[in-house]
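Single-structure report; data block below.
No lab work stands behind these numbers, since they all come straight from the coordinates. Keep in mind it's a predicted model, so treat the numbers as computed, not measured.
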Amino acid sequence: MAHACPRCGKPVQRGYSPGAQFTAGLVGALFYAAFGPFQCATCGKIPTSEFPPGVRKNIILTSAGLAAAGVVLLVGVLCLMAIGKH
């Protein structure tokens with residue numbers, strides 16, 4: 001679900017960093033999406049502090065879910081690597 005830009009009302013999306021994805025793969029992309037800025041096509045980067053309180057709460061919960069998914073993915077990959085060495 002896209003949130004509306006607090007400046008212009010158009011949809012915003014979570015930030016994307018090719019560098020983070022190249023450096024750390026899917027885990028890096030998930031963490032950047034969780035903690036990076038939101039992007040508006042018209043207004044550019046939008047700080048979380050500009051969103052209304054209800055939207056900020058939803059953003060925080062979604063960010064926590066993305067970060068948890070990144071941690072689970074990282075632990076799963078490390079476990080598979082450890083199993084593969086035996």
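Structural remarks
- Over the chain, Cα pairs under 8 Å with separation of 6+ residues give a relative contact order of 27 percent.
- Where N is the number of residues in the chain, Cα Rg divided by 2.2 N^0.38 Å: 1.31
- Principal-axis tilt of helix 53-84 within the chain, Cα atoms, nearest 10 degrees: 10 degrees
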